[in-house]
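Chemist: The structure under discussion is supplied below as structure tokens; questions concerning it will follow.
The values are calculated or read from the model by the stated rules, or taken from the named source; none is laboratory data. Keep in mind that what you see is a predicted model, and the values were worked out from it rather than measured. Neighbour counts are summed over all protein chains in view; Cβ atoms, including those assigned to glycine, are modelled from backbone coordinates with ideal geometry.
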Amino acid sequence: MLQRLFFRIPPLFWVSLFLIGSILYVWRLQQPQPLIEVDTEAAKLQCVSYSPYYKPGMSPLVSDTFVDPLQIEQDLQALSKVTSCVRTYALSQGMDYVPKAAHKLGMKVLLGVWIGWVDADNMKQLELAVQQANQYADTVRGIVVGNEVLLRGEQPEARMHEYLQWVKARTKAPVTYADVWEFWLKHPTLEQEVDFVTVHILPYWEDKPVAVEQAVMHTASVMGHLGTVFKKPLLIGETGWPSQGRQRFYASASVVNQARYMREFLHAAKQTGWQYNIIEAFDQPWKRELEGTVGGFWGVFDTDLQPKFSLQGPVAERADGWLPYGIALVLAALAAGWGQYRKLSLCQKSLLAVIAACVGLHAYLQADYVQLAARNTGEYALLAGFVLLGYGLVIAQVRQWLGLAANTCLEQGMLGLFALGLLLTSAGLAVNGRYLDFPLILAWLPLLSILISLLTRAPQQTAQSASEQTTGWLMIVMVLMAANMAVTVAMMETGNVTAWWWAAVCGLALFVLPAKSMQLRQQACE
């Protein structure tokens, strides 16, 4: 039996191995990755989607949100360093000031008109767009009448024809409509109403997501096909890559991948002569409510208006420096000091220091994950509760390693809640996981600490009462369901490495949680 082979190896050995692995993981994330570089000529972006809702509490979905003209001027001033054009999506909430601000800076604007369900609201936007285009004729590069309206199903194709005709009859500005490329292929007759065809090509969001390694080739393939269907000029109205969020099939959201796609796309655009607009200028926290973590991280600038990556030189996934190691070192020193105060043995003090260092590294990463994944107070509470539950289980294992008395009832309850957390997470991912993240970083430390407890304590046989058997079977059923759903998610996204890791986590839990519960019952009977 595996446990009999390993129980004589002290916990300090296994925890030290885990600490080394954790250090290497954090170190690897900070290593710069070499990428193709963009020359100076191609580094100036043709156009960038501009939404000013990057500050706390700002959202286009909140009716009383108003964007200060001074903010718009400051935003465009910052963007003027990387582009000479911005694309907007609506003229409400103060966004009608964008053409004036752009005119002051000598920038161009793809003026967006938001077309939704209500025709009266749509007409107000169209009237204002025509007025702005005529007033700032040298600034407005084109009017985008509607964004993915047909995709959302908020207006029929016939009504879109009418909107486009209405605008063309009242302005000399070029007119277009923007939608994902598949919907342009479904509604090709719209071409007759526009001056150029604006298509969205987002490899990450495809029905069959494309890995970053093939993403630009996919974009080129789509553009090649569209060129055989449409005769009017093509504009890539949206393209880009997210820097944070869940993996979808082979498409992984990361800073390195965002930089890679941007660099390779800009290189290809220069070679092929594509006209394009990048989504987007600034990260948009409000989008996380609709699309999960990934929705808020498409910007080339973060919410502090700092560039997230360069177009030259290597790029690292994280730039934490020595901070996570410093936190780990401080916690290790405090734990060792407490052990000295309690007059523990050298081995016990070393164990406390190593586990404290593990906690420091993982707590740093977990805090970052919770901040990214939680979208509201309820989710913050649930994720924070799961984190605290995990550390409660870690503390319980440390007490066992130090030979201290265990509160078996409390630990049994924590094991059950942890199993329930895995079940609910797997259920959410299986039922509606498109916008949910995989909380791997929240589960590894408690599960592996429990595994170490199992491996380092000799097994014993003891009788079990009917109630204990019922409790054990309930936990087994919960974790078995969680593991089954995790495997289902992984099978639905066979190329998703993160999904398979989540399946592995649930598989490990299927072994260690019931086994730990049995170990606690044995201890209670001793």
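Chemist: Can you tell me which residue is surrounded by the most Cβ atoms within 10 Å (Cβ to Cβ) among those in the range 135-150 that are closer than 13 Å to GLY116 by Cβ and not small (Gly, Ala, Ser)? Working first, answer last.
Modeler: Step one: of the range 135-150, the residues closer than 13 Å to GLY116 by Cβ are 145-150.
Imposing the further condition that a residue be not small (Gly, Ala, Ser) reduces the set to 145, 147-150.
Numbers: VAL145: 30, ASN147: 24, GLU148: 18, VAL149: 24, LEU150: 20.
So the residue we want is VAL145.
Chemist: Check GLU468 against each of (1) part of a helix (DSSP H, G or I); (2) acidic (Asp, Glu); (3) at pLDDT 85 or above and name the one condition it does not meet.
Modeler: Unmet for GLU468, out of (1) part of a helix (DSSP H, G or I); (2) acidic (Asp, Glu); (3) at pLDDT 85 or above: (3).
Chemist: Hey, among PRO60, PRO52, which residue is at pLDDT below 95, over 23 Å from ARG170 (Cβ atoms) and in contact with a helix residue (DSSP H, G or I) (Cβ under 8 Å, 6 or more places away or on another chain)? Before you say what the answer is, go through the steps one by one.
Modeler: Details: PRO52 fails: at pLDDT below 95.
The conditions single out PRO60.
Chemist: Also, quick follow-up: Residues of the range 71-112 being closer than 15 Å to CYS47 by Cβ, of a type in the set (A, V, I, L, M) and over 31 Å from the mean Cα position of the chain (by Cα), which ones?
Modeler: Matches in the range 71-112: ALA102, LEU105, MET107.
Chemist: Could you count how many residues in the range 69-87 are among the basic types (Lys, Arg) and either in contact (Cβ under 8 Å) with a residue 12 or more places away in the chain or surrounded by 21 or more Cβ atoms within 10 Å (Cβ to Cβ) (or both)?
Modeler: Filtering the range 69-87 down to residues among the basic types (Lys, Arg) leaves 81, 87.
Next, from what is left, pick out any that are either in contact (Cβ under 8 Å) with a residue 12 or more places away in the chain or surrounded by 21 or more Cβ atoms within 10 Å (Cβ to Cβ) (or both): 87.
Looking only at that region, the number is 1.
Chemist: Quick check on my filter: what residues within the range 22-60 are in a helix (DSSP H, G or I) and surrounded by 13 or more Cβ atoms within 10 Å (Cβ to Cβ)?
Modeler: Narrowing the range 22-60 to residues in a helix (DSSP H, G or I): 22-29, 40-43.
Across the range 22-60, the qualifying residues are SER22, ILE23, TYR25, VAL26, LEU29, ALA42, ALA43.
Chemist: Tell me, yes or no, whether the range 448-455 has at least one residue that is modelled with pLDDT under 90 and surrounded by fewer than 21 Cβ atoms within 10 Å (Cβ to Cβ).
Modeler: Yes, that holds for at least one residue.
Chemist: If GLN366 meets every condition in (1) assigned to a helix (DSSP H, G or I); (2) surrounded by 19 or more Cβ atoms within 10 Å (Cβ to Cβ); (3) of a type outside the set (Asp, Glu); (4) modelled with pLDDT under 95 apart from one, which number is that one?
Modeler: GLN366 satisfies every listed condition except (4).
Chemist: Applying the selection to the range 96-110, what residues are among the aliphatic types (A, V, I, L, M) and either without any contact (Cβ under 8 Å) to a residue 40 or more places away in the chain or out of contact with any strand residue (DSSP E or B) (no Cβ under 8 Å at 6 or more places or on another chain) (or both)? Please lay out each step first, then the result.
Modeler: Taking the range 96-110 first, the residues among the aliphatic types (A, V, I, L, M) are 98, 101-102, 105, 107, 109-110.
Hits for the range 96-110 are ALA101, ALA102, LEU105, MET107, VAL109.
Chemist: Continuing with the same structure: Name the residues in the range 281-310 that are assigned to a loop (DSSP other than H, G, I, E, B) and surrounded by fewer than 22 Cβ atoms within 10 Å (Cβ to Cβ), would you? Before you say what the answer is, go through the steps one by one.
Modeler: The initial filter retains those residues of the range 281-310 that are assigned to a loop (DSSP other than H, G, I, E, B), namely 281, 283-284, 292, 297-300, 302-306, 308-310.
Passing the criteria: GLY292, ASP302, THR303, ASP304, LEU305, GLN306, LYS308, PHE309, SER310.
Quick grid of which residues meet (1) at pLDDT 95 or above; (2) surrounded by fewer than 21 Cβ atoms within 10 Å (Cβ to Cβ); (3) more than 23 Å from the chain's Cα centre (by Cα):
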| site | (1), (2), (3) |
| --- | --- |
| GLN155 | yes, yes, yes |
| HIS161 | yes, yes, yes |
| THR171 | yes, yes, yes |
| VAL199 | yes, no, yes |
| TYR204 | yes, no, no |
| ALA215 | yes, no, no |
| HIS225 | yes, yes, yes |
